[in-house]
Amino acid sequence: SRVEPAMQRHVSYDDGVLAIGDNRYQASDYERLVLIAIGKAAGPMAAAFFEQAGAAAERFEGIIAGQPSTKPLPTRCREYRGGHPTPNEASVEAAEDILRTLGSLTERDFVVFLISGGGSAMVEQFLLPDVALGTIVATHKALVESGAPIAEINVVRKHLSAVKGGRLAAAAAPAEQATIFVSDVPVGALDALSSGPTMPDRSTTDDAYRIAEGYELGRCLPAPI
């Protein structure tokens, strides 16, 4: 219920210019406009964004991964009902579609990310190629049951994932990018929201190994991981 008024405050479209916060984007400057919405508020965020995007809305192609929209979306939108708190087949399919779409963008394109909580499970694919869904699910389960605090679980998850810890922003480069958050985390910790798919990651590979050793994750994680 709070998504629509927030979007109305921060997004508008007038005379060919899309305003997002303090930034202005001339829609005609871009060949492709892409919207990626992830998390428990994905559908409502996407619907509210498109309402504010005016005549530019129909130019967007979109991927909505998580909670679906109850309102009609532009015709070129694809929706995935990703699992939560455990990834499902749609979580992997969404990640594959998002990475494939972002990988095709150029410096002449513009992508808007809408990020809300829950996306860690609703969109997932591992860096290790061809990891089965069962292995991904078992990994998430082992991490949650390891006794490690959520912040440390997220460090390990980010370093296993092809979509977390800024990797969607990297995949979208060199396209122009903007991210809009609906946040349930402190302002200074936006890289924790849905494991920060578009945010610089403060953790390192060494941190992930230190956590793995401290909680003896080698004994509970699936063998490929």
- Item | Selected residue [open to solvent by less than 20 Å² (accessible area, probe 1.4 Å) and among the small types (Gly, Ala, Ser)] from ALA121, ALA55 | ALA121
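Restricting the search to segment 124-138, which residues are open to solvent by 20 Å² or more (accessible area, probe 1.4 Å), in a helix (DSSP H, G or I) and not small (Gly, Ala, Ser)?
Across segment 124-138, the qualifying residues are LEU133, THR135, VAL137.
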- Message: Looking only at residues that are modelled with pLDDT of 95 or more and assigned to a loop (DSSP other than H, G, I, E, B) in segment 168-197, which one is least open to solvent (accessible area, probe 1.4 Å)?
- Response: ALA175
- Query: What are the residues in segment 139-167 that are more than 18 Å from GLY196 (Cβ to Cβ) and open to solvent by 40 Å² or more (accessible area, probe 1.4 Å), if any?
  - Reply: LYS141, VAL144, GLU145, GLY147
- Scan segment 58-66 and give yes if some residue there is part of a loop (DSSP other than H, G, I, E, B), out of contact with any Pro (no Cβ under 7 Å at 6 or more places or on another chain), under 26 Å from SER195 (Cα atoms) and at pLDDT below 95, otherwise no. no
- Tell me which of these VAL137 doesn't satisfy, since it passes every other one: (1) farther than 27 Å from SER12 by Cα; (2) under 12 Å from the mean Cα position of the chain (by Cα). (2)
- Note on the structure: Listed by first then second residue, the pairs whose first member lies in segment 90-112 and is assigned to a loop (DSSP other than H, G, I, E, B), whose partner is open to solvent by 20 Å² or more (accessible area, probe 1.4 Å), with beta carbons under 6 Å and at least 6 positions apart or on separate chains, are GLU107/PRO174; ARG108/GLU31; ASP109/TYR30; ASP109/GLU31; ASP109/ARG32
- Item | Among residues of segment 87-116, those that are farther than 30 Å from VAL17 by Cβ and touching a Lys or Arg at 6+ places or on another chain (Cβ under 7 Å), counted | 1
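Take the conditions over 17 Å from the mean Cα position of the chain (by Cα) and either modelled with pLDDT of 95 or more or over 19 Å from GLY119 (Cβ atoms) (or both) and apply them to TYR80. Does it pass?
Against the criterion (over 17 Å from the mean Cα position of the chain (by Cα) and either modelled with pLDDT of 95 or more or over 19 Å from GLY119 (Cβ atoms) (or both)), TYR80 does not qualify.
The values are calculated or read from the model by the stated rules, or taken from the named source; none is laboratory data. Predicted model only: the values in this text are computed from it and were never measured. Reconstructed Cβ throughout: ideal geometry from the backbone, glycine too, with neighbour counts over all protein chains shown. These area figures cover heavy atoms from the full protein model, side chains too; ligands, DNA and RNA do not enter into them. Shrake-Rupley method; radii C 1.70, N 1.55, O 1.52, S 1.80 Å.
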